[in-house]
1. I'm told Gly112 meets every condition in (1) small (Gly, Ala, Ser); (2) open to solvent by 20 Å² or more (accessible area, probe 1.4 Å); (3) within 17 Å of the chain's Cα centre (by Cα) except one. Can you identify the failing condition by its number?
2. Give me the pairs, please: first residue somewhere in the range 176-188 and farther than 10 Å from Gly72 by Cβ, second residue anywhere and of a type outside the set (A, V, I, L, M), beta-carbon distance under 6 Å, and either six or more positions apart or on two chains.
3. Pick from the range 1-24 the residues that are among the basic types (Lys, Arg) and over 13 Å from Gly110 (Cβ atoms): which of them is least open to solvent (accessible area, probe 1.4 Å)?
4. Could you list, in sequence order, all residues of the range 5-31 that are assigned to a loop (DSSP other than H, G, I, E, B) and either at negative phi or among the hydroxyl-bearing types (Ser, Thr, Tyr) (or both)?
5. Quick one: Ser70 ticks every box in (1) free of Cβ contacts under 8 Å to residues at least 24 places away in the same chain; (2) over 18 Å from His127 (Cβ atoms); (3) small (Gly, Ala, Ser) except a single one, so which number is it?
6. Which of the following residues is at pLDDT below 95, over 21 Å from Glu123 (Cβ atoms) and among the aliphatic types (A, V, I, L, M): Leu178, Leu183?
7. Answer yes or no: is there a residue in the range 72-94 that is open to solvent by 10 Å² or more (accessible area, probe 1.4 Å), touching a strand residue (DSSP E or B) at 6+ places or on another chain (Cβ under 7 Å) and over 19 Å from Leu111 (Cα atoms).
8. Could you check Glu28 against (1) open to solvent by less than 60 Å² (accessible area, probe 1.4 Å); (2) under 21 Å from Gln162 (Cβ atoms); (3) not aliphatic (A, V, I, L, M) and say which number it fails?
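The values are calculated or read from the model by the stated rules, or taken from the named source; none is laboratory data. Everything quoted here is computed from the prediction, not taken from an experiment. With ideal geometry, Cβ positions are generated from the backbone for all residues, glycine too; neighbour counts draw on all protein chains shown. Note: areas computed on protein heavy atoms with side chains; ligands, DNA, RNA excluded. Shrake-Rupley method; radii C 1.70, N 1.55, O 1.52, S 1.80 Å.
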Amino acid sequence: MKYIISGTNRRGSRTRGLATLIQNLYQEQGEEVGIIDLAELPFQELTGEQYGGNGLSSRWVEAINKINLSEGLIFVVPEYNGSLPGALKYFMDHWKYPDSYEYRPVCFVGLGAGPFSGIRPVEHLQHIMGYRNAFQFPIRVFVTTVAKNFVDGVIQDPLVMQLLKDQVVGFQKYVKALESQGLDANAMNARRIKK
């Protein structure tokens, strides 16, 4: 299963709404995709001593296991202060390397308040995922001026909506192509464990 990461711990965020819209687009293409909503995770339990997954509660372990077993990850990430939310980075700091990252197919949707927002958090995530050897799907989508462009769960700009649909279909093909060649994270991790 693929998972959409709703990349902020702010409750009732547009990020979560956009993640739901994207989940529905996958459903229209015949695929069930889960959502990992950072607003539902107990960040207050983190002490800074559980890096790499040691000593985490069952809710954190479950979320990280979803990452480690996923066929692919769709990041929906808002721009906070010219970057990605600290909660998302902190979540990722608790993932296990290489299992969570290496050969994992990923794609990105950025959103923000200004006319150029959403680009910077996606580019920062691309640096992290590139460093950690994930497979990055090249079609990125940016929902700028999000308060005007995403209203009551509906994308107002038809071009942005079409880009989201194109990303969904393209990412499905991308993940299948990697799987057909045994290059997906789950196949590569299984090979590494056998050695």
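1. (2)
2. That search, which allows pairs on different chains as well, returns Met188/Tyr103.
3. Initially, the range 1-24 is screened for residues among the basic types (Lys, Arg), giving 2, 10-11, 14, 16.
From the residues that got through so far, the ones that are over 13 Å from Gly110 (Cβ atoms) too are 2, 10-11, 16.
On the way: Lys2: 8, Arg10: 148, Arg11: 176, Arg16: 70 Å².
Residue satisfying both the conditions and the ranking: Lys2.
4. Filtering the range 5-31 for residues assigned to a loop (DSSP other than H, G, I, E, B) gives 7-13, 29-31.
Within the range 5-31, Gly7, Thr8, Asn9, Arg10, Arg11, Ser13, Gln29, Glu31 meet the criteria.
5. With (1) free of Cβ contacts under 8 Å to residues at least 24 places away in the same chain; (2) over 18 Å from His127 (Cβ atoms); (3) small (Gly, Ala, Ser) applied to Ser70, the lone miss is (1).
6. Working: Leu178 fails: at pLDDT below 95.
The match here is Leu183.
7. So far as the range 72-94 goes, no, none of its residues is open to solvent by 10 Å² or more (accessible area, probe 1.4 Å), touching a strand residue (DSSP E or B) at 6+ places or on another chain (Cβ under 7 Å) and over 19 Å from Leu111 (Cα atoms).
8. (1)
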